[in-house]
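The values are calculated or read from the model by the stated rules, or taken from the named source; none is laboratory data. All of these numbers come straight from a predicted model, not from anything done at the bench. A quick note on method: Cβ atoms are made from the backbone with ideal geometry, for glycine too, and the neighbour counts reach across all protein chains shown.
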Amino acid sequence: MRAAIIERYGPPEVVVIREVPTPVPNEDEILVRITTTTVNSGDARVRGLRVPRGMSLMMRFALGFNGPKQQIGGFEAAGVVEAVGSRVTKFRPGDRVVGSHGFKFGLHAEYATFLETDAVVPIPAGLSDEDAVAVLFGGSTARFFLAKAGLTTGQRVLINGASGAVGVYAVQLAKRLGAEVTGVCSEGNAEFVRSLGADHGFAYDREDFTRSGHSYDVIMDNHGNAPYPRVKHMLAPGGRFLMVIGDLWGMISAKWQKPVIAAGDDNEEAVSQEAYAELLALVAAGELRTVIQKVLPFDQIVEAHRIVDGGHKRGSVVLRVST
């Protein structure tokens, strides 16, 4: 099969497509022929670990010092079940499914295996593979953090990076919870973010939202340029700061800073069958809008990485692997 390989850290051009052995499912696994996958910020951050300091150094020890131990990227994929192991009961060949290996990656390929208990679920009838795969990373991340924050009706939430892969779903899910939503994005994305349900907005390229004088019950930083020290004066009494992206010190300090909520040992709640089934049901019912900036053929995966590196995309970048 073909797979996108990363042997060393670097710019998008380090990603190359090569022939590798097709995996064989064990008795408790399914083999999926992948039709679509995505390139998201997690893929780009892992690929680009070039500076051996701070978070990059820590991630190198975890992921591989000179290059990733898992050379096939890919956080999520949709496709068709090709074969099932003898102990599998929930899936059959021909089923359309979507799922994730989380940060174990391995889904930028034509085939992949999943345990029956992995975060893999059926795609609802009438929902395209592109829409199914596009909602997983951003939707599950937004759902996880908003739940951890305990966001409720009438509370005020500020979402920094409101037009990105996580932000577009955070805006919509926060509105579903009855919150008053303020989005921070570029001026060019302001109307788009309002169309997702944001009540108010700041264009970061026109004004400094941290000097607005407003306060919020929840502040969510999806971009990494609004760390807790920069925005803590904007939190209302009892407010919570959601650090979706942060530096090494921010991740460490989150352990003892009560207002700060960061991904931790419990982030398995985000990548789960329950989370994915709930998100897909909302999309299928028309209650959650998927946002896809571009759909590219698998051979253009380098271009997909370039788009993500640019830091200004709307929603997801989807790769079409096969039909």
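The single condition among (1) surrounded by fewer than 23 Cβ atoms within 10 Å (Cβ to Cβ); (2) within 22 Å of Asn40 (Cβ to Cβ) that Val244 does not satisfy is (1). Pairs meeting the criteria (first residue in segment 310-323 and surrounded by 24 or more Cβ atoms within 10 Å (Cβ to Cβ) and modelled with pLDDT of 95 or more, second residue among the aromatic types (Phe, Trp, Tyr) and assigned to a loop (DSSP other than H, G, I, E, B), beta carbons under 8 Å, at least 6 apart or on different chains) are lacking.
Scanning segment 191-215 for residues that are within 24 Å of Arg143 (Cα to Cα), among the hydroxyl-bearing types (Ser, Thr, Tyr) and either within 24 Å of the chain's Cα centre (by Cα) or in a helix (DSSP H, G or I) (or both) turns up just one, Ser195.
Within segment 93-115, which residues are in a loop (DSSP other than H, G, I, E, B) and modelled with pLDDT of 95 or more? Pro93, Gly94, Asp95, Gly106, Leu107, His108, Glu110 - these are the residues of segment 93-115 that are in a loop (DSSP other than H, G, I, E, B) and modelled with pLDDT of 95 or more.
Here is a yes/no grid of residues against (1) outside the structural domain of Gly315 (by TED's automatic domain parsing); (2) under 24 Å from the mean Cα position of the chain (by Cα); (3) at pLDDT 95 or above; (4) not hydroxyl-bearing (Ser, Thr, Tyr):
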| site | (1), (2), (3), (4) |
| --- | --- |
| Pro23 | no, no, yes, yes |
| Glu27 | no, no, yes, yes |
| Arg33 | no, yes, yes, yes |
| Thr36 | no, yes, yes, no |
| Met58 | no, yes, no, yes |
| Phe61 | no, yes, no, yes |
| Gly85 | no, no, yes, yes |
| Phe91 | no, no, yes, yes |
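Could you look through segment 242-289, keep only residues that are among the hydroxyl-bearing types (Ser, Thr, Tyr) and not assigned by TED's automatic domain parsing to the domain that holds Thr141, and pick out the one that is modelled with the lowest pLDDT? Top of the filtered list is Ser272. Here Gly188, Gly154 are screened, and the one residue that is part of a loop (DSSP other than H, G, I, E, B) and either under 15 Å from the mean Cα position of the chain (by Cα) or over 16 Å from Leu242 (Cβ atoms) (or both) is Gly154.
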